[in-house]
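The values are calculated or read from the model by the stated rules, or taken from the named source; none is laboratory data. Predicted, not measured: the structure shown is a model, and the values here were computed from it. When we count neighbours, we look across all protein chains shown, and the Cβ atoms used for this are built from the backbone with ideal geometry, even at glycine. Only protein heavy atoms, including side chains, enter the accessible area calculation; ligands, DNA and RNA are left aside. Shrake-Rupley method; radii C 1.70, N 1.55, O 1.52, S 1.80 Å.
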Amino acid sequence: MSDLLAARSQMAISLAFHIIFAVVGIGMPLLMVLAEWRWRATRDPVYLELARRWAKGTAILFAVGAVSGTVLSFELGLLWPRFMEMAGPIIGMPFSLEGFAFFTEAIFLGIYLYGWEKIPPKAHIGAGILVALSGVLSGIFVVIANAWMNTPTGFRAISGQLTELDPIRAMLNPAAFQQTLHMTLAAYAATGLAVSAVHAVFLFGDPMNAFHRRALQIGLMVGTPAALLQPVSGDISARNVAEYQPAKLAAMESVFETRREAPLLIGGLPDIDRREVRFGIEIPYGLSLLAYHDPHAEVKGLDQVPREDWPHVTIVHLAFQIMVGLGSYMALVALWVAITALRRREVSQNRALLKAIILAGPMGFLAIEAGWVVTEVGRQPWIISGVLRTAEAVTPMPGLVVPFTLITLLYLFLGTIVAWMLYSQIIRSPVTRDWSRSYTPGPKVEVKG
Amino acid sequence: MSQTIEALLLAGVILIALNGYVLLAGADFGGGVWDLLASGPRRDRQRELIANAIGPVWEANHVWLILVVVLLFTCFPLVFSRVAVGLHIPLTLMLFGIVLRGSAFIFRSYDTHHDVAQRRWGRTFSIASLLTPFLLGVCVGAIASGRVGPPAAGTDFIAGYVSPWLTPFALSLGLFTVVLFAFLAAIYLTIEADGESLKEDFRTRALMAGGLCFVAAVLTLVTALRDAPLMQEGLLGSTRAIPIHLLTGAFAVTALVALWKRRWHLARFAAAAQLSCIIWGWAAAQYPYLLPPDLTIKEAAAPRITLQLTLAALVLGAAVLFPSLRYLFRVFKSK
Ligand code: HDD
Ligand code: HEM
Ligand code: HEM
């Protein structure tokens, strides 16, 4: 394994690991706050139990997110010193703001988790809201930095140096809005549906259980709207990619030759040597329509990009197909949920729908990983599009396969522990008797907290 | 304002953030050391006290380090990239320490099923708490000794990636850091402890660690004479640094005397002041270099616009941060 490949793989593993926890750090606080709000409004103790349990799960995941995020901020320098030398002054801005968002998030999470008995109710739910807000903000800032790597603006590149820096314009780069919107929705869709799926599993065997019904309701409250909006937001992203990153779009859709009235390709396996795609389904005009909202628009192909500047077409294409496939399924399930709810039927009593939700559980996270592969692998061979090549940015340190192997083992180990811990600590039915029936809250009980 | 002043201000903020990390997260690491060394009839109560003291605050305390890293790569990118290349090995090891410390701590708090598993997490947590500050000290030592130079093309592995940090001076600074953090933690814990006997446990520990601090300080000084010419000059030769060193000594003595007399709050103040003086003394000794032997604060600084915007962001951030931090500590540390 070459040092460059080891560095890229280490970065990929670290990010793929971190993003799971980051996404949970964005989504879970909202669920927690919603549960606490329902509890304060109804005094139904089921909601309190939910808020507390979710908080407990969030604490575990947040800690792993914080440490794996720290690893990333060091790795930016440990693996890509030349990149940081060049880009630090221009994208340091969103990272600095992100730093403050982390601070706020960590402070108020501490208060939220350990403060149930110590601060007044309003302050407690306020702390939860701040955690949810700063979680979203930290995600937005870091994605802005990544959007700049894809569509860099706000500088002039003269002989390998960036001059005339304008960090504000860099933050307002052309991909920033699309990527942050898509990522934020992704976080809510993924966590909302994953939580719903867990409780749907329990409801399958215990359909009247009040605890799981309320949990499902809150999970869907967050997951459904986001999953419905995600294809719309993805379309906005795709049009942006078509305009600013034509090589990436060409790889996503395996467009080898520039053409008008380009069809949309579904599935298929690109054969790079013969420059064609096998086994795909073509929808006439589809790509021109989606990318430019005009059936006759010209779509740039890989023939316009020098061969050595192509990203890895097969990986990008397959990852994109996976994301869109999973996203379409999630949106359909969300639509089904929405229709059921609008017709005032109980989602928890529809066994077919419960099955569909359970299947959607892991999909959001898989789609997120796939989406990032599209974005990152699709940018290759550039670390800053058109400005700096990944190969020029890598550290001169030899033997990078050693840290790569160690980090991979560490994360495999941690991932296993976290999964087991969530399973054994959080994802269990509470044993309160009356909740297993169709539970209606009795006379209001004051629960301290 | 000229660019020099802005760069100086930002270097100052980085140092303040490092200071914050040392005083807050440093004590959390020190707590881990005492968890490892918990002993006597109140062993379990000692561990419980440490866990309760760290629980609500360690993540917030940890973010100071992230602030240091982010400000460094934004405002002094050349320093960041050179440190990341030359100190790749100890920094990577330190990351392992950070990951294992944080996750083992949280796993231990939530894994209530098995005593065996809990003990294993406790062990991981405390060993990682020992390793991380040691490596932090080693990295600081490498920087202070002026060995993290520009990466010369074609240098061999040992010369380029090992010898910058594998020196007696850097290693003794690593040791010194561990002992200092343990000292600080024991003093903080005397205040957090309920009950006289528990307070006494940590008083004894603080006194022992205080004694060790002096030994480690002397060791660091002696090795500095050999490995760190710049430090030697800055520590002993410069008029700028001498008052800070005198203050450091005075605070160290005050902390020990206050401990002896059981004046807990005075001891805590003096110990925190002592550690801060060590940091600022180091900075004064290597001023105007940010990364000796050749990168001064001015030369390493990012373009002016970046510095200005970062300062603006800092003002904005501080307006949110400080009231929040005050609230956090008021809720959990009001004793
Ligand atoms: C829940 C997760 C999820 C779902 C259901 C979808 N996506 Fe996505 N997608 C992501 C999660 C994601 C992501 C992981 O969050 C990415 C990576 C970078 C980014 O900004 O978002 C992404 C990137 C991404 C990009 C590349 C943006 C860039 O490189 O700048 C495009 C064009 C799309 N998506 C399009 C879609 C379409 C048309 C979808 C239709 C169903 C879709 N996505 C569903
Ligand atoms: C799309 C990618 C990313 C998103 C959405 C994201 C988001 C988040 C969020 C929400 C947190 C809060 C902790 C948690 O809840 O788990 C977090 C933690 C962190 N992330 Fe990321 N992150 C991403 C990528 C990165 C990258 C590339 C870096 C490296 C520069 C990074 C650095 C950090 C750091 C340092 C923390 C720890 C902060 C703390 O202690 O609270 N993240 N991230
Ligand atoms: C958290 C979600 C993310 C995932 C899963 C992810 C995934 C990946 C992958 C798969 C690679 C390897 C690409 C290749 O070499 O073929 C990569 C590289 C990289 N990513 Fe990301 N990425 C994420 C977010 C980010 C963000 C937010 C940033 C920066 C702010 C970032 C910065 C980088 C850098 C610097 C590299 C190495 C250079 C390169 O290969 O271009 N990534 N990432």
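Some values worked out for this structure:
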| item | result |
| --- | --- |
| All positions within region B:19-50 that are part of a helix (DSSP H, G or I) and open to solvent by 30 Å² or more (accessible area, probe 1.4 Å) | B:23, B:24, B:36, B:43, B:44, B:45, B:47, B:48 |
| Which numbered condition residue A:191 misses (of (1) open to solvent by 40 Å² or more (accessible area, probe 1.4 Å); (2) within 13 Å of ligand 1 (Cβ to nearest atom)) | (1) |
| Residue match in region A:49-57 (condition: of a type in the set (Gly, Ala, Ser) and closer than 17 Å to residue A:15 by Cβ) | no |
| Elements of type helices (runs of 4 or more DSSP H) in region A:163-254, at least 3 residues being over 30 Å from residue B:309 (Cβ atoms) | A:176-205, A:210-244, A:246-252 |
| Cross-chain or 6+ apart pairs with Cβ under 7 Å, region B:24-46 first and without any contact (Cβ under 8 Å) to a residue 40 or more places away in the chain and over 10 Å from residue B:181 (Cα atoms), then of a type outside the set (Val, Ile, Thr) and open to solvent by 10 Å² or more (accessible area, probe 1.4 Å) | B:38/B:47 |
| Output for region B:39-71, where each listed residue is within 16 Å of ligand 3 (Cβ to nearest atom) and either within 20 Å of residue B:165 (Cα to Cα) or modelled with pLDDT under 80 (or both) | B:69 |
| Selection status of residue B:9, part of a helix (DSSP H, G or I), in contact (Cβ under 8 Å) with a residue 60 or more places away in the chain, closer than 20 Å to residue B:279 by Cβ and open to solvent by 50 Å² or more (accessible area, probe 1.4 Å) | yes |
| Test: residue in region A:81-96 that is of a type in the set (Ser, Thr, Tyr), at pLDDT 90 or above and within 16 Å of ligand 3 (Cβ to nearest atom) | no |
| Check on residue A:92, in contact with a Cys (Cβ under 9 Å, 6 or more places away or on another chain) and within 7 Å of another protein chain (Cβ to nearest Cβ) | yes |
| Counted residues, region B:112-134 - those being buried (at least 20 other Cβ atoms within 10 Å of the Cβ), among the hydrophobic types (A, V, I, L, M, F, W, C) and within 12 Å of chain A (Cβ to nearest Cβ) | 3 |
| Flag for residue A:210 being touching a Lys or Arg at 6+ places or on another chain (Cβ under 8 Å) and either more than 16 Å from ligand 2 (Cβ to nearest atom) or over 18 Å from residue A:49 (Cα atoms) (or both) | yes |
| Sole residue being touching a residue at least 60 places away in the same chain (Cβ under 8 Å) and open to solvent by less than 10 Å² (accessible area, probe 1.4 Å), chosen from A:103, A:83 | A:83 |
| Only one of A:51, A:35, A:87, A:41 that is in a helix (DSSP H, G or I) and within 14 Å of chain B (Cβ to nearest Cβ) | A:87 |
| Pair list, Cβ < 9 Å and 6+ apart or interchain, from region B:87-111 residues that are within 7 Å of another protein chain (Cβ to nearest Cβ) to residues that are open to solvent by 10 Å² or more (accessible area, probe 1.4 Å) and among the charged types (D, E, K, R) | B:102/B:59; B:110/A:56 |
| Residue satisfying condition, being surrounded by fewer than 20 Cβ atoms within 10 Å (Cβ to Cβ), aliphatic (A, V, I, L, M), closer than 23 Å to residue A:226 by Cα and within 16 Å of ligand 2 (Cβ to nearest atom), within set A:16, A:12, A:22, A:55 | A:16 |
| Top-ranked residue in region A:381-412 [being more than 14 Å from ligand 3 (Cβ to nearest atom) and either away from chain B (no Cβ under 14 Å) or closer than 30 Å to residue A:163 by Cβ (or both); ranked as surrounded by the most Cβ atoms within 10 Å (Cβ to Cβ)] | A:397 |
| Residue selected from region A:346-380 under the condition in contact with a Pro (Cβ under 9 Å, 6 or more places away or on another chain) and of a type in the set (A, V, I, L, M, F, W, C), by the criterion surrounded by the most Cβ atoms within 10 Å (Cβ to Cβ) | A:354 |
| Top-ranked residue of region A:143-172 - restricted to ones that are under 29 Å from residue A:222 (Cα atoms) and away from chain B (no Cβ under 14 Å), ranked as farthest from ligand 2 (Cβ to nearest atom) | A:147 |
| Test set (1) modelled with pLDDT under 90; (2) open to solvent by less than 40 Å² (accessible area, probe 1.4 Å); (3) under 20 Å from the mean Cα position of the chain (by Cα) - residue B:188 fails condition number | (2) |
| Test: residue in region B:189-196 that is within 27 Å of residue B:143 (Cβ to Cβ) and of a type in the set (A, V, I, L, M) | no |
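To keep it simple, each residue is scored yes or no on (1) more than 16 Å from ligand 1 (Cβ to nearest atom); (2) among the aromatic types (Phe, Trp, Tyr); (3) at negative phi.
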residue: A:15; (1), (2), (3): no, no, yes
residue: A:19; (1), (2), (3): no, no, yes
residue: A:29; (1), (2), (3): yes, no, yes
residue: A:32; (1), (2), (3): yes, no, yes
residue: A:39; (1), (2), (3): yes, yes, yes
residue: A:66; (1), (2), (3): yes, no, yes
residue: A:70; (1), (2), (3): yes, no, yes
residue: A:74; (1), (2), (3): yes, yes, yes
residue: A:80; (1), (2), (3): yes, yes, yes
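Listed here are the residues, each with its yes/no results for (1) open to solvent by 40 Å² or more (accessible area, probe 1.4 Å); (2) among the hydrophobic types (A, V, I, L, M, F, W, C); (3) modelled with pLDDT under 85.
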| residue | (1), (2), (3) |
| --- | --- |
| B:278 | yes, yes, no |
| B:285 | no, yes, yes |
| B:288 | yes, no, yes |
| B:315 | yes, yes, no |
| B:318 | no, yes, no |
| B:325 | no, yes, yes |
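Per-residue answers, yes or no, for (1) assigned to a loop (DSSP other than H, G, I, E, B); (2) hydroxyl-bearing (Ser, Thr, Tyr); (3) open to solvent by 10 Å² or more (accessible area, probe 1.4 Å); (4) farther than 20 Å from residue A:52 by Cα:
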{"residue": "A:111", "(1), (2), (3), (4)": "no, no, no, no"}
{"residue": "A:117", "(1), (2), (3), (4)": "yes, no, yes, no"}
{"residue": "A:127", "(1), (2), (3), (4)": "no, no, no, no"}
{"residue": "A:130", "(1), (2), (3), (4)": "no, no, yes, no"}
{"residue": "A:139", "(1), (2), (3), (4)": "no, no, yes, yes"}
{"residue": "A:153", "(1), (2), (3), (4)": "yes, yes, yes, yes"}
